[in-house]
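Worksheet for the structure shown next.
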Amino acid sequence: MVLKYHISNNTFRDSVYLMRLSSTVRSFEGVVEAEVIIGTDHNKKFLQAAGLWSDQMDHDAGANDLIIAIKAEDDEKAEKAIQSTIEELNKSVERENLLGEFVPRTFETALKNLPGANLALISIPGRHVHREVDQILDAGLNVMIFSDNVTLDEEIALKKKALGKNLLVMGPDCGTAIINGVPLAFANEVKQGRIGIVAAAGTGLQEVSSLISNMGEGISHGIGTGGRDVKASVGGITMIQALKALYADAGTEVIVVVSKPPDREVTEKVLELVSEATKPVVINFLGGNPNDIEKAGAVPAATLKEAAEKAVNLARGGKAEIEVEHSPDKQLNVQNIKDNFNESQKYLRALYSGGTLAYETIILLHNSLGDLYTNLSYDQVKKIEDVYKSVKHTVIDFGEDEFTQGRLHPMIDPALRNSRIIEEAGDPETAVIMLDLVLGYNAHPDPAGSALEAIKEAKEIAGKKGRNICFVTSVLGTDEDMQKRSEQVKKLLDEEVLVFPSNADAAVFVRKLLAE
Amino acid sequence: MSKIDQANQEAVKRMMLSRPVWVDVGKAKDVIPGMKDNLFLHAGPPITWDRMSGPLKGAIIGGIIYEGKAKNAEEAEKIAASGEIEFAPCHHFNTVGPMAGVTTPSQMVFILEDKEWGGFTYSNMNEGYGKVLRYGAFDEEVLNRLKWLDNVYAPVIKEAVSLAGGVDIKSIIAQALHMGDDGHNRNRATTSLFIRTIAPFVAETEWGKKKDYDAPRLDLSNVSEYFKSGKASVAAEVLAFMHSNDLTSLNAIMAACKSMALAAHGVENSTIVTTMSRNGTDFGIRVSSTGDKWFTAPANVPDGLYFSGYTAADANADIGDSVITETVGIGGFAMAAAPAIVNFIGGSPADAFEATNEMYEITVAENNNFNIPAMDFKGTPTGIDVRKVVEKGIVPRINTGIAHKEPGIGQVGAGIVKPPMEIFIDAIKELAK
Amino acid sequence: MEDLFKKELKIINMGLEGFAETLKERGTTVLHVRWQPPAMGDDSLLSLLDKLK
């Protein structure tokens, strides 16, 4: 076994590209392990852990250099693999040139070539965001910041600047937006229509917009604010700008707000604004108190599905006070499923790629399922000690930082969650495995297919030990998404996996199954 | 616009207004102010004999013999090392020279006048290909050719340009960019236009009518058997030589570019690069607002295609003043106008567009005289801003010939060379003081 | 900001190229920037450059 490495100085490539390249390199002949990775301190630790480290790397490579580290069967194969990797790296530049497309290297040049640009979509490393967005705001563009690892102070400075210039900053850590029918980053192909959404929760925006579209209504705009917008220090700047903009937008007739409970002062500001609204506003503060919402004259919704249904009803001229059912498919025989569990099977293992959906499930289940553990922060629920080891009822969000350092987001690369599915199947206490399958732009091309590979193996493992695991899923998306929701659903049903129309429906079913 | 941005706009405006016209030819020590006996000019930033690379040493040795100060290489080397001859950058005398760029007191030089800003720039006569002084060769063949150039060729074209009333070199450059040249490494069109312009006047010169002369006759049989007969007029020989040498116009082009660069120099607060140059050991730049200060660092070895039998191990480090072309927005910066150049330096035509496009990132203007048809007549990227070079991590694009590291062997290939980023960083540090 | 809702979206994408690709496939006007850390990631150089703005 030989470890060889090559440093490409002053070379930068985006994280998705690098992970795909690493994967390609691993498939080269004779390669046992490989990483193509930026030489940050953090990544160096990662290489050490992966057994791809040589002390000389520390000296040779820094945060602006690319490390190609390859472990191969012999010297020749390692060297060949390194050369092939370098060829691959140079290929991407060639392809652009052959297409005759001009690829600018900076924002300044980009703007010269697209002078009418009105939105910048930023997914560069967090520590560089402030400097770049500062000049982008100077140039008069609105900004969507997908990047995380932007400091709170930087976020506040950028949003204050944007506010002063009547520009919108969506984010940081904003994974989803829909503007003028254009889906940005992780978003779904939904109908255009009269319902506007403001969300401090990416998959929340995705779930609500998809449900609305599937019900036959449409989205005017879906504005992401980033998770920290509703903190007191940020003051809800973007949320408030977004609300005002939707009020003023002639195409928007109903507004939906989705967020974790804002800090007190921000809730007050938002509700004050809402109380003056001339359009109906539906608010889901994910576990927050509905009373204040009602007092402000807005329509509270306890789940994302409820928010979607109420908005649709209001858009169609109906009343706000409708009953929204979260009941399992009445054809499902809950008792049968319970009877199929053996004595040891007691627990839920909920493995999520969408953070908001995981959060919603915790809200819906924590009162009924006593021993609930999670890697998310939720006051009334215990934090799990080891995120890689489930304890009793466990809800894990695989999109959290502890999983995504040096890895692609689980919505793009489900490998980590898939391995976990198989592990849970080996645990005699696992009764239910719950999954979200998120479709849409920039997500995995076949989430159901990928999960099913793991599910089949899981069923086999459990089956050998006489266990029947109940697989519960919801599929977030539309038929217009490239993954085609109805086809994804069919795949799952064909393998006897339960599919629910929304995450809340799935969670309520699990409650029926395990809590009663 | 900030103070520096305004200064840069002013500097590049002056650069683009410069109008260099070839007006005369003369002996270096007679026409170049400050030139004297025992002073040899060379390409690149200042350098001492002990640090010079093979091609430059060879050219100096050849120059010493040519000036009659030594009979052979051994003697010449002693003189060179002794300090008896002063060495100075061509640039210090508003002169430019390709490759080793050695310009000696007796050599004849092009004289260009900037008709907009006044002032003169100079460059000697291009020798052509193969064993030439500028690659460090100095055998009898080389010295004889130098004599022919200074005693036959130069007087003819001196008379011709006088009859012509001057030749607008800037206009030739602009037209050549529409004909597939880049002005630095592809000069077939510039030379064709040059010959076309001056030829009628060459035919009219007194000198041109001669058939005999004292200087050694040049062997032009590779151009045509006709020239073996010895019956050709000097005018015919001169024109035949120009035809055989695509690089005929290069030295005049370089002097024209020097004129444009000079026009941009000395603007307070400006961060525009006004000189880029290499001496085979170091790469040096000067910036508009930092006066005479050179920012230097070791030059890199070019990366490219090698002629049969040669490899990168044979290559000398980057050398020559010809990168004055990139300094004013042509050469590698106009590569998209000359995609055929990839046959010379390697790569594909798509790379030519990538190269030019990248240069827009580090320049402040689109040239209002030089433009690229294939890019919708977009002006070439002009006026390198050192701040942008450092901020974006993009160094100026240079295509270049590659010299053998031993003197006298000549060109061994062609390719791309990167100036060291260090010198731009040093410039920033100086500017930020 | 009002412009954002009324006009056709013209996007400059900096970072993950995948985002630009999916937008292009959809027919949205987008220009991808092949971004690199400024001043080669050297903070001391960056502060010098900020002095020379």
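The values are calculated or read from the model by the stated rules, or taken from the named source; none is laboratory data. This structure is a prediction, so every number in the text was calculated from the model and none was measured. A quick note on method: Cβ atoms are made from the backbone with ideal geometry, for glycine too, and the neighbour counts reach across all protein chains shown.
Give me the residue from the range B:1-22 that is over 18 Å from the mean Cα position of the chain (by Cα) and of a type in the set (A, V, I, L, M) and, out of that set, farthest from the other protein chains (Cβ to nearest Cβ).
B:17
Do you know which of the residues in the range A:209-246 that are β-branched (Val, Ile, Thr) and assigned to a loop (DSSP other than H, G, I, E, B) is nearest to residue A:158 (Cα to Cα)?
Among those that are β-branched (Val, Ile, Thr) and assigned to a loop (DSSP other than H, G, I, E, B), it is A:234.
Of the residues that make up the range B:408-423, is at least one part of a loop (DSSP other than H, G, I, E, B) and acidic (Asp, Glu)?
For the range B:408-423, residues part of a loop (DSSP other than H, G, I, E, B) and acidic (Asp, Glu): absent.
Based on this model, can you work out whether residue A:133 counts as touching a strand residue (DSSP E or B) at 6+ places or on another chain (Cβ under 8 Å) and more than 7 Å from chain C (Cβ to nearest Cβ)? Step through it out loud before you land on a result.
Numbers: touching a strand residue (DSSP E or B) at 6+ places or on another chain (Cβ under 8 Å): yes; more than 7 Å from chain C (Cβ to nearest Cβ): yes.
Spelling it out, residue A:133 is indeed touching a strand residue (DSSP E or B) at 6+ places or on another chain (Cβ under 8 Å) and more than 7 Å from chain C (Cβ to nearest Cβ).
Answer with yes or no whether residue B:24 is assigned to a strand (DSSP E or B), charged (D, E, K, R) and in contact with a helix residue (DSSP H, G or I) (Cβ under 9 Å, 6 or more places away or on another chain).
The answer is yes for residue B:24.
Inspect the range A:414-437 for any residue being modelled with pLDDT under 95, over 30 Å from residue A:463 (Cβ atoms) and surrounded by fewer than 22 Cβ atoms within 10 Å (Cβ to Cβ) and give the result as yes or no.
no
Report yes if some residue within the range B:2-13 is farther than 21 Å from residue B:145 by Cβ and touching a Lys or Arg at 6+ places or on another chain (Cβ under 8 Å); otherwise report no.
Yes: one or more hits.
Scan the range A:163-191 residue by residue and report those that are under 18 Å from residue A:133 (Cβ atoms) and of a type outside the set (A, V, I, L, M).
If we filter the range A:163-191 for residues that are under 18 Å from residue A:133 (Cβ atoms), which is where we start, we get A:163-175, A:177, A:179, A:184-185.
Selection gives A:164, A:165, A:166, A:171, A:172, A:173, A:174, A:175.
Tell me, which residue of the range A:294-311 that is farther than 16 Å from residue A:505 by Cβ and aliphatic (A, V, I, L, M) is surrounded by the most Cβ atoms within 10 Å (Cβ to Cβ)?
Step one: filter the range A:294-311 for residues farther than 16 Å from residue A:505 by Cβ, giving A:294-300, A:311.
Among the residues that remain, those that are also aliphatic (A, V, I, L, M) are: A:296, A:298-299, A:311.
Numbers: A:296: 20, A:298: 22, A:299: 26, A:311: 30.
Taking the candidates together, the pick is A:311.
What number of residues within the range B:210-240 satisfy the criterion of being surrounded by fewer than 22 Cβ atoms within 10 Å (Cβ to Cβ), touching a residue at least 24 places away in the same chain (Cβ under 8 Å) and touching a Leu at 6+ places or on another chain (Cβ under 8 Å)?
0
What are the residues in the range A:265-295 that are hydrophobic (A, V, I, L, M, F, W, C) and part of a helix (DSSP H, G or I), if any?
From the range A:265-295, those hydrophobic (A, V, I, L, M, F, W, C) are A:266, A:270-271, A:273-274, A:277, A:281-283, A:285-286, A:293; that's our starting set.
Passing the criteria: A:266, A:270, A:271, A:273, A:274, A:293.
Which residue out of A:453, A:460 is assigned to a helix (DSSP H, G or I) and over 25 Å from residue A:206 (Cβ atoms)?
Among A:453, A:460, only A:460 is assigned to a helix (DSSP H, G or I) and over 25 Å from residue A:206 (Cβ atoms).
Out of all the residues in the range A:112-125, which are at the interface with chain C (Cβ under 7 Å from one of its Cβ atoms) and not small (Gly, Ala, Ser)? Reasoning before the result, please.
Let us first name the residues in the range A:112-125 that are at the interface with chain C (Cβ under 7 Å from one of its Cβ atoms), namely A:113-114, A:116-124.
A:113, A:114, A:118, A:119, A:121, A:122, A:124 - these are the residues of the range A:112-125 that are at the interface with chain C (Cβ under 7 Å from one of its Cβ atoms) and not small (Gly, Ala, Ser).
Among the numbered criteria (1) part of a loop (DSSP other than H, G, I, E, B); (2) buried (at least 21 other Cβ atoms within 10 Å of the Cβ), which one does residue B:308 miss?
That leaves (2) as the condition not met.
Considering (1) at pLDDT 90 or above; (2) more than 7 Å from chain A (Cβ to nearest Cβ), say which one residue C:14 fails and leave the rest.
For residue C:14, the failing item is (2).
In this structure, is residue B:143 aliphatic (A, V, I, L, M), under 17 Å from the mean Cα position of the chain (by Cα) and under 26 Å from residue B:232 (Cβ atoms)?
no
Under 8 Å by Cβ, and 6 or more places apart or on different chains, what pairs join a residue from the range A:386-402 that is free of Cβ contacts under 8 Å to residues at least 40 places away in the same chain with one that is among the aliphatic types (A, V, I, L, M)?
A:387/A:396; A:391/A:384; A:402/A:387
For every residue, the table says whether it meets (1) in contact with a strand residue (DSSP E or B) (Cβ under 8 Å, 6 or more places away or on another chain); (2) surrounded by fewer than 24 Cβ atoms within 10 Å (Cβ to Cβ); (3) under 30 Å from residue C:51 (Cα atoms).
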site	(1), (2), (3)
B:348	no, yes, no
B:375	no, yes, no
B:397	yes, yes, yes
B:403	yes, no, no
B:420	yes, yes, yes
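State all residues of the range B:91-126 that are small (Gly, Ala, Ser), in a loop (DSSP other than H, G, I, E, B) and surrounded by 24 or more Cβ atoms within 10 Å (Cβ to Cβ); if no residue qualifies, say none.
Of everything in the range B:91-126, those that are small (Gly, Ala, Ser), in a loop (DSSP other than H, G, I, E, B) and surrounded by 24 or more Cβ atoms within 10 Å (Cβ to Cβ) turn out to be B:97, B:100, B:101.
Can you tell me which residue in the range A:182-201 is farthest from the chain's Cα centre (by Cα), limited to those that are within 10 Å of chain C (Cβ to nearest Cβ) and touching a residue at least 12 places away in the same chain (Cβ under 8 Å)?
Within the range A:182-201, the first condition is being within 10 Å of chain C (Cβ to nearest Cβ), and the residues that meet it are A:182-187, A:189, A:196.
Pick out the ones that are also touching a residue at least 12 places away in the same chain (Cβ under 8 Å) and you get A:183-187, A:189, A:196.
Values: A:183: 14, A:184: 13, A:185: 10, A:186: 7, A:187: 10, A:189: 16, A:196: 20 Å.
Result: A:196.
Only one of these is farther than 30 Å from residue B:124 by Cα and either within 11 Å of chain A (Cβ to nearest Cβ) or in contact (Cβ under 8 Å) with a residue 60 or more places away in the chain (or both): B:360, B:306, B:310. Name it.
Numbers: B:306 fails: farther than 30 Å from residue B:124 by Cα; B:310 fails: farther than 30 Å from residue B:124 by Cα.
Every option except B:360 fails the conditions.
Only helices (runs of 4 or more DSSP H) wholly contained in the range B:169-249 count here; list those with 1 or more residues that are among the hydrophobic types (A, V, I, L, M, F, W, C), more than 24 Å from the chain's Cα centre (by Cα) and farther than 30 Å from residue B:114 by Cβ.
On the way: elements: B:169-177, B:188-204, B:206-209, B:234-244.
The helices (runs of 4 or more DSSP H) meeting that bar are B:234-244.
Of the conditions (1) among the aliphatic types (A, V, I, L, M); (2) under 30 Å from residue A:436 (Cα atoms); (3) free of Cβ contacts under 8 Å to residues at least 24 places away in the same chain; (4) surrounded by fewer than 18 Cβ atoms within 10 Å (Cβ to Cβ), residue A:248 satisfies every one except a single condition; which number is it?
Failed condition: (2).
Output the residue which, of all residues in the range C:37-46 that are within 17 Å of residue A:133 (Cα to Cα) and at pLDDT 90 or above, is farthest from the other protein chains (Cβ to nearest Cβ).
Taking the candidates together, the pick is C:46.
Please work out which one of (1) modelled with pLDDT of 90 or more; (2) touching a helix residue (DSSP H, G or I) at 6+ places or on another chain (Cβ under 8 Å); (3) more than 14 Å from chain C (Cβ to nearest Cβ); (4) at negative phi is the condition residue A:66 fails and give its number.
So the condition that residue A:66 fails would be (3).
As an exercise: evaluate residue C:30 against (1) more than 7 Å from chain A (Cβ to nearest Cβ); (2) farther than 21 Å from residue A:138 by Cα; (3) within 17 Å of the chain's Cα centre (by Cα); (4) among the hydrophobic types (A, V, I, L, M, F, W, C) and give the number of the one condition it does not meet.
(2)
Being modelled with pLDDT under 95, surrounded by fewer than 23 Cβ atoms within 10 Å (Cβ to Cβ), in contact with a helix residue (DSSP H, G or I) (Cβ under 7 Å, 6 or more places away or on another chain) and among the acidic types (Asp, Glu) is the requirement here; does residue A:173 meet it? Before the answer, list the steps.
Working: modelled with pLDDT under 95: yes; surrounded by fewer than 23 Cβ atoms within 10 Å (Cβ to Cβ): yes; in contact with a helix residue (DSSP H, G or I) (Cβ under 7 Å, 6 or more places away or on another chain): no; among the acidic types (Asp, Glu): yes.
So residue A:173 fails the test.
Could you look through the range C:6-15, keep only residues that are surrounded by fewer than 22 Cβ atoms within 10 Å (Cβ to Cβ) and touching a Ser or Thr at 6+ places or on another chain (Cβ under 9 Å), and pick out the one that is farthest from residue A:8 (Cα to Cα)?
Among them, the one singled out is C:8.
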